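What follows draws every value from the coordinates through simple rules; no lab data is involved. Not measured: the values here are computed from a predicted model. Cβ coordinates were reconstructed from backbone atoms using ideal geometry, including for glycine residues, and neighbour counts include every protein chain displayed.
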Amino acid sequence: MRNHASALLQTGRVSQLVAGTGRGETLGRDFFQRDPLSCARDLIGCELIWNSCAGIIVETEAYNAIGDEACHCFVRPSARAFVERNHAGAAYVYFNYGVHWMLNVLVKGRENGFVLIRALEPTRGIAPMRRRRDVHDVHRLCSGPGKLTQALAITGRHDEMDLCSNENYCFRKPAASIDVVADERIGIRRSAHLPWRFTLRDSVHVSRKVRSARAQLPAAP
């Protein structure tokens, strides 16, 4: 997934490319009706619109409802019930270790699961993001799942929100093809070896640099 506008993307300045080409098409529900791995990979480079704020997704993680011990569905009946009662594209927001809210999107299709939105490159609403985070450096505003929810004021009240039916809370397709890198997931103990963390290559907005220079995209299911 090479991006031909590499001068911008290799430095992580995706927002300049988006601003120059206009907004992409809103992602429909069918985008999330397949499998978590494909969705997590293809959300890289998309823009997350959240009310008056927005950012390019530069880091995600996939979690599979079946056979993935790190997925909430493996140990939480409430997560399995969430999957049953919601449509693909619903927001799954939970409070992590009593410290940070985490934004996920539900995937239901060939396989069920979630995609955790781990990091953004801010594109709009940077002033309120800075106020909420009490951080000026734009590279640190959304460089982690807890940071981005704080910057965008995402809390449990957004749990089960449909992210495919409201243009103020949605995802938009990238303006150009991009270069995605796969790596092992972060901050988990079980199923930690799976290369299901996806990042925009060389982005300065990710939560953590890729650990392996040889990291490759896994084959699509």
Charge sum, other residues only, whose C-beta stays under 13 Å from residue 112's C-beta, Lys/Arg counted +1 and Asp/Glu -1: +1
Fully extended contour minus Cα-Cα distance, from residue 127 to residue 177, at 0.36 nm per residue: 15.1 nm
Taking the C-alpha atoms of segment 91-215, convex hull volume expressed per residue in Å³: 141 Å³
Length gained when the stretch residue 202-residue 165 is fully extended (0.36 nm per residue, less Cα-Cα span): 10.1 nm
Simple spin-label estimate for residue 211 and residue 190 in nanometres, 7 Å along Cα-Cβ: 1.9 nm
Cross-link reach list, aspartates and glutamates versus residue 147, counting only Cα pairs under 18 Å and skipping chain neighbours closer than eight places: 47, 59, 61, 121, 134, 137, 159
